[in-house]
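Comments concern the structure below.
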Amino acid sequence: MNKKTVKDIDLKDKKVLVRCDFNVPMDENQNITDNTRIKAALPTIKYLLEQNCKVILCSHLGRPKGEVLPEFSLKPVAKELSRLLGKDVIMANDVVGEDAKQKAENIKNGEILLLENLRFHREETDNDPEFAKRLASFGEIFVNDAFGTAHRAHASTEGVTKYLPAVSGFLIEKELKFLGDAISNPERPFMAILGGRKVSDKIGVIESLLEKVDVLLIGGAMAYTFFKAMGYEVGNSICELDKLDLAKEIMQKAKEKNVKFMLPVDTKVGKEFDPNTESKIVKYTEIPDGWEGFDIGTETIKIYAEELKKAKTIIWNGPLGLSEFEQFAVGTNSIAKTLADLDVVKIIGGGDSAAAIEKAGLADKFTHISTGGGASLEFLEGKKLPGIEALQDK
């Protein structure tokens, strides 16, 4: 992905519109509970300040669906950003309205303005050209640093590039480097761990990875669809009955491609969907009626850990169990700890697996943790991401 970055363009004294991903989790009192995404934007923002730019930031938060809802305001983000940068961030009260327009016009070199939530306008997700044009009018150069939304052709990711020279920030550059290298030129053995709920969500990724990896380790609820396809009962476990033929095809394809396709040998089942439910570990062939599989078992953890120790490159996407419940987070946490101790290229493909790594306090032990769940999945599938495609080539 040979795209221009902020280093390839003259930014001195320019007015720069930056698309960030400040879609951060907040509690009911608007307190930010995880500022990882805000911190990820700092290198690009600091670089622009060093170039004496006028910096205008924009982002979405949540899904207000075109309504102006105070609980989705970016004001808490402006406050947190001011704290992290040690300088005031000016907050606009709207996106392309009078307040934003006036503040964008009066911004001075070395100042930062944050526009209100882009998704207060339906035109953002509709990629409305008029809205994109108004947004673009605030800057002289556009920098996209929001990898998490790069797989969407929205006004602020793709639309504005029709009106401004567009380059990537450091975060997108880093994402493309690590994900791109892992996929196109991995050190082998190359292994992928895939978790999550459904086979159907990951079909494209599985098919793409079968062309590239040496070993594919499956966890999460999607394992039960494979068990069912092999003719075993799965109790009340999540299972996509309409995807059994697909599961068989995937296993067959792995065989043909000489990819070691690993499924759990045991599973931790629970009586009901409850953090304190009664649970036990059973063989994958012996899931009892009325019970539901919620995690990989101890034997699987051991086997997977041994296998992963042979790897040189590892990509992980999706938790291996119901990791939001403590007693079913054992598989995910154990494998995370195993990987943390390995001195190999380890990439976490965003989403819930990234959250689990952050929660376990192991983030600094990984080569790269992607900030975009959906975007990194589509990238791993080999799809073109509109927000990246629209940037200038080197």
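Which one of Thr285, Thr44, Thr33 has the biggest mean-square fluctuation once the chain is modelled by GNM with Cα springs under 10 Å?
Maximum among the listed residues: Thr33.
Give the lysines reachable from Lys312 as a straight Cα distance under 16 Å; neighbours fewer than 8 places away on the same chain don't count.
Those lysines meeting the cut-off are Lys212, Lys260, Lys346, Lys365.
Roughly how many nanometres apart are two label points built 7 Å out from the Cα toward the Cβ at Asn29 and Asp242?
4.5 nm
Roughly how many nanometres apart are two label points built 7 Å out from the Cα toward the Cβ at Lys46 and Lys365?
2.6 nm
What's the center-to-center distance, using Cα atoms, between the stretch 315-353 and the stretch 41-73 in Å?
About 30 Å separates the Cα centre of the stretch 315-353 from the one of the stretch 41-73.
Quote the relative contact order of the stretch 178-231 in percent (integer), defining contacts as alpha-carbon pairs under 8 Å separated by 6+ residues.
Normalised by residue count, the contact order of the stretch 178-231 is 44 percent.
Which of rounded, prolate, oblate describes the stretch 177-266, given a ≥ b ≥ c as roots of the alpha-carbon gyration tensor eigenvalues and a/c under 1.5 marking rounded, otherwise prolate only if a/b is larger than b/c?
Judged from the Cα gyration tensor, the stretch 177-266 comes out prolate (a/c at least 1.5, a/b above b/c).
Quick one: compute the contact order of the chain, relative version, from alpha carbon pairs under 8 angstrom and 6+ residues apart, as a percent.
Answer for the chain is 16 percent.
Helix-only mean residue ellipticity at 222 nm, the chain, DSSP H runs n ≥ 4 weighted -39,500 (n - 2.57), per residue, nearest 500. What is it?
Value at 222 nm, helices only: -10000 deg cm²/dmol.
With springs only between Cα atoms under 10 Å, which of Glu326, Glu187, Glu378 fluctuates most in a Gaussian network model of the chain?
Comparing Glu326, Glu187, Glu378 in the GNM, the peak value goes to Glu326.
Compute a Gaussian network model of the chain, connecting alpha carbons closer than 10 Å, and tell me which residue from Tyr284, Tyr232, Tyr304 fluctuates the most.
Evaluated over the chain, the most mobile residue of the options is Tyr232.
Would you mind checking Lys14/Lys39; Lys39/Lys268; Lys177/Lys337; Lys7/Lys337 for any pair whose Cα atoms are more than 29 angstrom apart?
Too far apart for the 29 Å limit: Lys39/Lys268; Lys7/Lys337.
Among DSSP beta bridges lying fully in the chain, give the percent that are antiparallel, nearest 5.
Around 25 percent of the beta bridges assigned by DSSP in the chain are antiparallel ones.
Report, in listed order, any pair from Lys198/Lys283; Lys4/Lys54; Lys103/Lys394; Lys174/Lys257 with a Cα-Cα distance greater than 23 Å.
Too far apart for the 23 Å limit: Lys103/Lys394; Lys174/Lys257.
Tell me whether the stretch 6-173 comes out rounded, prolate or oblate; compute the Cα gyration tensor, take square roots of the eigenvalues as a ≥ b ≥ c, and use a/c under 1.5 as the rounded threshold.
Working: a/c = 1.36, a/b = 1.12, b/c = 1.22.
Judged from the Cα gyration tensor, the stretch 6-173 comes out rounded (a/c under 1.5).
Between Glu233 and Arg63, what length comes free when the chain is fully extended (0.36 nm per residue of separation minus the Cα-Cα distance, one decimal in nm)?
Length gained, Glu233 through Arg63: 57.3 nm.
Within straight cross-link reach of Lys384, meaning Cα distance under 18 Å, which aspartates and glutamates are found once same-chain residues fewer than 8 apart are removed?
Here the aspartates and glutamates satisfying the reach criterion relative to Lys384 are Asp145, Glu158, Glu173, Glu175, Asp181, Asp201, Glu207, Glu211, Asp393.
If you take the beta carbon distance between Lys280 and Ala305 as r and set R0 to 22 Å, what does 1/(1 + (r/R0)^6) give as a FRET efficiency, to the nearest 0.05? Walk me through the intermediate numbers first.
Working: r = 22 Å, r/R0 = 0.98.
Efficiency at R0 = 22 Å is approximately 0.55.
Please identify every one of the trypsin sites (Lys or Arg not before Pro) in the stretch 77-141 that sits in a loop by DSSP and has no more than 10 other beta carbons within 10 Å of its own beta carbon.
Within the stretch 77-141, the qualifying trypsin sites (Lys or Arg not before Pro) (loop, at most 10 other Cβ atoms within 10 Å) are Lys108.
The numbers here are math on the coordinates, done by the rules we state, and not lab data. Quick caveat, the model's predicted, so the values are computed rather than measured. Cβ: placed from backbone, ideal geometry, glycine included. Neighbour counts: every protein chain shown.
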